[in-house]
Amino acid sequence: MLTERRYSFTVALVTAAPIPTLARMKSLRMSARLLCAALSFTAASLAFAAEGKSGVALKLVVTNLTAPAVLTDFDGKRVLVAEQVGPIHLMTPDGKLTPFADFTSKLKINFGKFDERGVLGVALHPKFAANHKFYVCYSAPLRSTAPTNWDHTMNISEFTAKGDSADLGTERVLLQIDEPYFNHNGGRICFGPDGHLYIGSGDGGHRNDINKADTDKARGPQGNGQDLNTLMGKILRIDVDKPAAGKLYGIPLDNPFAKGGGLPEIYAWGIRNPWGMSFDRGGQRELFEVEVGQSRWEEVNIIVKGGNYGWNLKEGADWFNPKKELAPLDKPYFDPGNAKLIDPIIAYENIAGFPAEGKGKSVTGGYVYRGKALPQLAGKYVFADWSKNMGVAQGVLFTGTRGAGGKWTLAQLEPESHAGQHIGAFVWAFGEDKDGELYVLTNQTGALGTKSGKIWKLVKSGN
Ligand SMILES: [Ca+2]
């Protein structure tokens, strides 16, 4: 039955490699050059190789949504579906929607166009059935204490549901992050096996994690990914059950900077724009995160506590050049000292940097498959690319497979219902139900306002 189209090569680097100091760089420059040469060679040698049918189909569950961004289990019988433009629904397995909450009036968002703001993450408390608490990350109007020329404020708030709906008047704003630009917000949130809330935050936006222009310095961003004194460009972890004095949340005692050296909420850093973050419900319960790349590499990472994922010193496994993004450097653009940077487990080419070989434009995070219906996907990380082209609906589904020695292999997952090099839709997000079955959330236009959003379930082909 297996499976997918396979690429003849994958970029798979799993361990944290020490970054040499600049003093040591001279002797290592040659090996860096060799690495760059190896990467360009492998990029050129990428090719599809068909390996038979996937045994997987996309079954349409619901249509007429705008931009479905979150799907997560609600009560074992229904899932919760959040649209980026505000409405949150409960959905039965046959696609019947009932209203749960509506964030429309709380958002700063451009309803008719492409936008990276809106309802970006929803997570139910692990004890939701008893305490009815849930958490939403959304883009609110700029708060009064923020710099005046910034764009908006990202709220991470707690709400309490009552039965099958929620009164947004129950809001308790736990954490706020002022955002200089409309883009690179991350905003995906999830609870870990430790019961803590994990929040992915983007680097602040614009591009390259540097200033838009020297005249615009106050707006930033300025290397937020590597700056331990900002919440932007990070994976954050907070304890929603044991608030610290004067706060609505607590800091887990083993957070890397719980005792100083950086902001205590930081769990991992060097992050650009995490559009997808989920814990493996099996295996080692690892945290999978994807990084929307700048121009050359789209990444999948396994996030560990205290890990530095490189941005904006690195894009993929290359040294990033913040002044000329298509021309990677042969050494870091500033000396990161003894920092250890963790490379992605999978990186694939963005069409901006690799017009011929590029597999997509923007990675969309998914889940490690732990359901029962599709044994051929067991233990694989199922994810996607938004589209091969910004303006055309050409999303591509992928699997990542961990092989011997921890190396990961990238393959296209080609549903038999949508055979071809893409599925003819923008892949907005993935969802997971209580059984570990996966859903693909799509939209036909790439914009927020139209009612072209659909939800598909990954099912056995022929069902
Ligand atoms: Ca990275």
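Just so you know, all these numbers are worked out from the coordinates, no wet-lab data involved. Quick caveat: nothing in here was measured; it's all calculated off a predicted structure. All Cβ positions, even for glycine, are placed from backbone atoms using ideal geometry, and neighbour counts span all protein chains on display.
For region 412-421, in order, what is each residue's ³J(HN,Hα) by Karplus, 6.51 cos²θ - 1.76 cosθ + 1.60 with θ = phi - 60°, in whole Hz (x at glycine and Pro)?
Computed from phi, the couplings for region 412-421 are 7, 9, 10, x, 5, 6, 9, 4, x, 7 Hz.
So what J values fall out for region 426-442 if you push phi through Karplus, 6.51 cos²θ - 1.76 cosθ + 1.60 with θ = phi - 60°, rounded to Hz, Gly and Pro as x?
Karplus-based 3J(HN,Hα) across region 426-442 equals 7, 8, 7, 5, 10, x, 9, 9, 5, 8, x, 7, 10, 10, 10, 9, 10 Hz.
Below 15 angstrom from the Cβ of A258, what's the summed charge of the other residues (Lys, Arg +1; Asp, Glu -1)?
On the way: positive: K234, R237, K242, K247, K259, K305; negative: D194, D239, D254, E265.
Once positives and negatives cancel, what remains is +2.
Amide H to amide H under 5 Å from F191: which residues, 5+ apart in sequence or cross-chain, H placed 1.01 Å off N in plane?
Residues meeting the amide H criterion: Y198.
Could the peptides 192-199, 125-132, 444-451 be put in order, highest first, of the mean number of other beta-carbon atoms found within 10 Å of their residues?
192-199, 444-451, 125-132
What is the fewest-to-most order of R117, R188 by other Cβ atoms lying within 10 Å of their Cβ?
On the way: R117 24, R188 27.
So the ranking, lowest neighbour count to highest, is R117, R188.
Which whole-angstrom value gives the distance between the alpha carbon centres of region 235-261 and region 378-410?
Centre-to-centre distance over Cα atoms comes out at 33 Å.
Find out how many positive minus negative residues lie around N301, taking Lys and Arg as positive, Asp and Glu as negative, among other residues whose Cβ is under 12 Å from that of N301.
Net local charge, N301 excluded: -4.
Taking Cα pairs under 8 Å and at least six residues apart, what relative contact order does region 224-361 come out at, in percent?
Values: 300 pairs, mean separation 25.6, N = 138.
For region 224-361, the relative contact order is 19 percent.
Which far-off residues, 5 or more places away or on another chain, put their amide H under 5 Å from the one on L341, with H placed in the peptide plane?
A17, I19
Rg to Rh for the chain: what is it, with Cα atoms only and Rh by Kirkwood?
Checking Rg against Rh, the ratio lands at 0.94.
For the pair Q376 and L60, what calculated FRET efficiency results from E = 1/(1 + (r/R0)^6), where r is the Cβ-Cβ distance and R0 = 22 Å, to the nearest 0.05?
0.55
Mean separation of Cα pairs under 8 Å and 6+ residues apart, divided by the residue count of the chain: what relative contact order is that in percent? Intermediate results must be reported in sequence, preceding the final value.
Details: 1310 pairs, mean separation 86.2, N = 463.
Relative contact order here is 19 percent.
Given the -39500 (n - 2.57) contribution per DSSP H run of 4+ residues, what per-residue ellipticity at 222 nm results for the chain, rounded to the nearest 500 deg cm²/dmol?
-2000 deg cm²/dmol
Considering only DSSP beta bridges where both residues belong to region 5-460, give the percentage that are antiparallel (nearest 5).
Restricted to region 5-460, the bridges split so that about 95 percent are antiparallel.
Run the simple label-point estimate for A327 and D194 please: 7 Å along Cα→C-beta, distance reported in nm.
4.3
Write down the Kirkwood hydrodynamic radius of region 172-306, to one decimal in angstroms, obtained as one divided by the mean of 1/r over all alpha carbon pairs. Could you put the intermediate results ahead of the total?
Values: mean 1/r = 0.0654 Å⁻¹.
Kirkwood hydrodynamic radius for region 172-306: 15.3 Å.
By the scheme Lys and Arg +1, Asp and Glu -1, what is the net charge of all other residues having a beta-carbon under 9 Å from that of K388? Let's see the in-between values first.
Details: positive: K359, K361; negative: D385.
Its environment carries a net charge of +1.
In nm, to one decimal, how far is the L248 label point from the A419 one, both placed 7 Å along Cα→Cβ?
Between L248 and A419, the label points sit 5.3 nm apart.
Between D335 and R281, with labels modelled 7 Å along Cα→Cβ, what's the label distance in nm to one decimal, could you check?
Label at D335, label at R281, 4.9 nm between them.
What whole-number distance in Å separates the alpha-carbon centres of region 92-124 and region 171-212?
17
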